[in-house]
Structure formats: structure tokens, C-alpha cells
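Input: a single structure, listed below in C-alpha cells.
The values are calculated or read from the model by the stated rules, or taken from the named source; none is laboratory data. Small disclaimer: the values here were computed from a predicted structure and weren't measured. Cβ atoms come from the backbone with ideal geometry, glycine included; neighbour counts cover every protein chain shown.
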Amino acid sequence: MKILAFGLFKHKNSYLRDVLNAFDLFVVLTSVEIFLTSSSSSFKALRVLRVMRPLRTIGRVRSMRKLVTIILKSVPEMLHTMAFFSFFLIVIAILGT
């Protein structure tokens with residue numbers, strides 16, 4: 001219904017131009033594929049995909065989307081900090097032995 005309302009990808013505000021909608025489409029299509037294969041192990045994988053569906057709320061709540069964007073932009077800086085901390089721990093470990 002949402003694809004019909006927004007259009008697939010041609011317009012400016014179309015369904016697939018939003019990353020969260022594309023992710024939601026991926027989750028739904030994967031769930032349908034797993035359901036159609038209907039083996040017992042695939043139902044376990046379906047439960048894992050069901051956990052990812054609440055991520056859709058990020059797109060609906062503006063402040064939550066802003067917060068997630070800020071956190072994702074800070075990941076490279078956190079990686080630099082972790083690299084420095086790891087180097088520091090290695091030096092301390094070498095000195096300790």
C-alpha cells in the first residue's frame with residue numbers, strides 16, 4: 001500500500017528513496033521467501049528478522065531518527081578512540097610482562 005501511495009522510485013519522495021523503507025522492503029521480502037521455503041530452520045531465521053522490524057519506528061519519530069543519525073556519524077570517531085585505547089593497552093601489557 002505504501003509503495004502504491006508514494007510510488008516505487010521515480011518521484012522525489014518515493015518509497016525506495018528512503019533508506020528505512022528500503023530496509024523494510026528487504027525484511028518483508030526475506031520473511032516471505034523464508035516462509036515460502038517452510039523448513040523448520042527457516043522459521044528460526046524468521047524470528048531473527050522479526051526483531052529488526054521495530055527499527056521502522058526510527059523513521060517515524062523525528063527525534064529518534066536524529067539521535068540515530070548522530071550516533072552513526074560518531075562511529076568513526078569512536079573507532080579512532082578504540083584504536084588508541086587498544087594501542088595503550090598493548091603498551092601497558094608489554095611493560096607489565
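Worth pointing out:
- Within the range 55-93, the set of residues being under 25 Å from Leu25 (Cβ atoms), out of contact with any Asp or Glu (no Cβ under 9 Å at 6 or more places or on another chain) and among the charged types (D, E, K, R) comprises Arg60, Arg62, Arg65, Lys66, Lys73.
- Among the conditions (1) more than 24 Å from Lys2 (Cβ to Cβ); (2) at pLDDT below 75, the only one that Phe88 does not satisfy is (2).
- Each residue in the range 34-74 was checked for being among the hydroxyl-bearing types (Ser, Thr, Tyr), at pLDDT below 65 and in a helix (DSSP H, G or I), and 3 of them qualify.
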